[in-house]
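Written below as structure tokens is the structure these notes are about.
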Amino acid sequence: MDNIENIELKYLNLEDYQELQAAMRAAYTTMPDSIWGEKQIKVLIDKFQEGQVVIKINGQIAGCALSIIVDYNSFDHNHSYKDITGNYTFSTHSSNGDVLYGIDVFIKPEFRGLRLGRRLYDYRKELCERLNLRGVAFGGRIPNYGKHSDELTPQQYIDKVRRKEIHDPVLNFQISNDFHPTRILKNYLEGDKASKDYAVLLEWDNIYYEKVNKKATTIKKVVRLGLVQWQMRPYKDLDEVMEQAEFFIDSVSGYRSDFALFPEFFNAPLMAAHNNLSTPEAIRELAKYTAEFVQRFSKLAISYNINIITGSMPEMVGEHLHNVGYLCRRDGSTERYEKLHVTPDEAKVWGMVGGNQIKAFDTDCGKIGILICYDSEFPELSRILADEGMDILFVPFLTDTQNGFSRVRHCAQARAIENECYVAIAGSVGNLPKVSNMDIQYAQSMVFTPCDFAFPTDGVKAEATPNTEMILIADVDIDLLRELNQLGSVRNLKDRRKDLFELKKK
């Protein structure tokens, strides 16, 4: 679907029912009896609203997931859909149960292909962890089994699906989302002719089960960062660059990362096609691609359910050349950030000028800041962002020498200490012999923390191998920053002598 302006995950409300009913009819063309009545939806909402969610795109229902909590041991392993739902009354729901049981999940046909189903399953996993439940379970249909039932038993069919010898769209999707088959359920869902009334009991285990239950919150407290250490190599066109970018986004989202960070000027290889032009003209040709890059990154952010920080790209603003990037949120919204301090080389060779706007950005993981490379070496900027509530600072960079990298690396680590925040830096490696003013690249992507007892003693949470194309995944706990602010050995933010100095934005 084109022109996606907003995508949001919301609790299902009874006022949504008429639209929900139409969505179910569109999704269940081969199983019209599977449409839930309004009274049944009301019971689910009244009993367990957190378990009933919809995805809306541009305000329109695109998909839905319905769930209940059950005392799993009270059911026979060979239960049916009627058993688990209490003959469709949901009397089996128990707030004291130990397993989140999936009742239904669907995506409208016109919204398929955006990985919205995975987003719904991710919500169920996070809900399971938040409620301290043992796991998630449901009976999964095997709609292609009917085509093979004459020659294969259900067990043989599932084995072939797992070995990729047979494609089953439902079962393949569920296995790829970390659900493991535990048994065959016979006569599970009446009327499911495509599956020959069979289903597969699928389960996902909550490895955090038995830990102290955390209070439900709309802002994530443990945030997973995915850093892309990008290899500079020749690319023939924009499509090829985005194919590589999507590969990395797929990789970090596969680990359920909340952010993907790309380096500064990751798309510079495309300037090779303009070697016949002067260097200033070549980078202005590259700037013509920026709008298309942003549009494609925004679609990937939605499709892979991840917030993407696009590193940086050249962009023309009127007659002036700027170095900018975009925050592409997984809800479909985008915001622009810009490099404020251009390097002497950027100004001299390209005629680039600095921007004028600095601000912290709201995300579903709290407030973040973004400073492009050289900007991280000016402590006033990150202090302004810290005063606006920033918890994580992202620094996309591009450095050609080890001493240039060291400036970024050590300044970024200082920003983590002085602002009591996490700092993630990501750069490029390799070389571009056919692109003027782009020498060999040196980088080591890293995640820095403050230096106190709750953090690594050297303030380094994670680090990539230098000068090697790779991804770096790291978890950061926002609650530790709150504790540091109140109880840290030193309190860099609180102990500032505001009676002597202050910092203001003009």
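The values are calculated or read from the model by the stated rules, or taken from the named source; none is laboratory data. Nothing here was measured: the structure is a model prediction, and the numbers come from that model. With ideal geometry, Cβ positions are generated from the backbone for all residues, glycine too; neighbour counts draw on all protein chains shown.
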Residue in the stretch 268-291 that is β-branched (Val, Ile, Thr), outside the structural domain of Asp122 (by TED's automatic domain parsing) and without any contact (Cβ under 8 Å) to a residue 60 or more places away in the chain present = yes
Candidates Leu381, Leu371, Leu385, filtered to the one that is over 13 Å from His341 (Cα atoms) and assigned by TED's automatic domain parsing to the domain that holds Gln441 = Leu385
Just checking, which of Asp2, Asp98 is modelled with pLDDT under 95, among the charged types (D, E, K, R) and not assigned by TED's automatic domain parsing to the domain that holds Glu129?
-> Asp2
Filter result for the condition that a residue is basic (Lys, Arg) and closer than 24 Å to Thr30 by Cβ, over Lys125, Lys108 | Lys108
From the list Lys498, Lys461, Lys504, which one is closer than 22 Å to Gly311 by Cα and of a type in the set (Lys, Arg)?
-> Lys461
Total residues in the stretch 420-447, condition outside any loop (DSSP other than H, G, I, E, B), within 25 Å of the chain's Cα centre (by Cα) and not aliphatic (A, V, I, L, M) | 2
What do you reckon, is Pro234 outside the structural domain of Arg112 (by TED's automatic domain parsing), touching a residue at least 12 places away in the same chain (Cβ under 8 Å) and in a loop (DSSP other than H, G, I, E, B)?
-> yes
Would you check if Asp71 is out of contact with any Cys (no Cβ under 8 Å at 6 or more places or on another chain), within 18 Å of Ala199 (Cβ to Cβ) and at pLDDT below 95?
-> no
Among the residues of the stretch 332-351, the number that are of a type in the set (D, E, K, R), closer than 24 Å to Phe293 by Cα and either surrounded by fewer than 19 Cβ atoms within 10 Å (Cβ to Cβ) or free of Cβ contacts under 8 Å to residues at least 24 places away in the same chain (or both) is 3
Can Lys47 be described as touching a His at 6+ places or on another chain (Cβ under 8 Å), in the same structural domain as Asn187 (by TED's automatic domain parsing), in a helix (DSSP H, G or I) and surrounded by fewer than 19 Cβ atoms within 10 Å (Cβ to Cβ)?
-> yes
Evaluate the stretch 448-468: report whether one residue or more is farther than 30 Å from Ser278 by Cβ, in contact with a strand residue (DSSP E or B) (Cβ under 7 Å, 6 or more places away or on another chain) and exposed (fewer than 14 other Cβ atoms within 10 Å of the Cβ).
-> yes
All positions within the stretch 486-506 that are closer than 17 Å to Ile384 by Cβ and not in a loop (DSSP other than H, G, I, E, B) | none
Candidates Lys82, Lys160, Lys147, filtered to the one that is charged (D, E, K, R), in contact with a His (Cβ under 9 Å, 6 or more places away or on another chain) and under 25 Å from Asp197 (Cβ atoms) = Lys160
What is the residue count in the stretch 385-413 for residues that are of a type in the set (Gly, Ala, Ser), over 17 Å from Ala443 (Cβ atoms) and without any contact (Cβ under 8 Å) to a residue 40 or more places away in the chain?
-> 1
All conditions in (1) over 24 Å from the mean Cα position of the chain (by Cα); (2) under 26 Å from Pro314 (Cα atoms) are true of Phe453 except (2)
Would you check if Tyr157 is over 24 Å from Tyr88 (Cβ atoms), modelled with pLDDT under 90 and not basic (Lys, Arg)?
-> no
Subset tally (residues that are farther than 15 Å from Lys505 by Cβ and touching an Asp or Glu at 6+ places or on another chain (Cβ under 7 Å)) for the stretch 342-363 = 2
Can you tell me which residue within the stretch 45-60, out of those that are free of Cβ contacts under 8 Å to residues at least 60 places away in the same chain and touching a Cys at 6+ places or on another chain (Cβ under 9 Å), is nearest to Met24 (Cα to Cα)?
-> Val54
Pairs only if they're at least six apart or on different chains, beta carbon under 8 angstrom, first in the stretch 414-432 and at negative phi and in the same structural domain as Thr457 (by TED's automatic domain parsing), second outside any loop (DSSP other than H, G, I, E, B) and of a type in the set (Lys, Arg); list them, first residue then second.
-> Glu418/Arg383; Asn419/Arg383; Cys421/Arg415; Tyr422/Lys461; Val423/Arg415; Ile425/Arg409
Only one of (1) under 17 Å from the mean Cα position of the chain (by Cα); (2) surrounded by fewer than 17 Cβ atoms within 10 Å (Cβ to Cβ); (3) assigned to a loop (DSSP other than H, G, I, E, B) is not met by Lys359, so which one is it?
-> (1)
Among the residues listed as Gly369, Gly354, the single one being touching a strand residue (DSSP E or B) at 6+ places or on another chain (Cβ under 9 Å) and surrounded by fewer than 22 Cβ atoms within 10 Å (Cβ to Cβ) = Gly354
Counting only residues that are hydrophobic (A, V, I, L, M, F, W, C), surrounded by fewer than 22 Cβ atoms within 10 Å (Cβ to Cβ) and either assigned to a loop (DSSP other than H, G, I, E, B) or in contact with a Cys (Cβ under 6 Å, 6 or more places away or on another chain) (or both), how many does the stretch 135-194 have?
-> 3
So how many residues does the stretch 23-33 have that are touching a residue at least 24 places away in the same chain (Cβ under 8 Å) and either assigned to a helix (DSSP H, G or I) or surrounded by 13 or more Cβ atoms within 10 Å (Cβ to Cβ) (or both)?
-> 7
Scanning the stretch 423-440 residue by residue, those touching a Leu at 6+ places or on another chain (Cβ under 7 Å) and either crowded, with 24+ Cβ neighbours inside 10 Å or farther than 30 Å from Pro234 by Cα (or both) turn out to be Val423, Ala424, Ala426, Gly427, Ser428
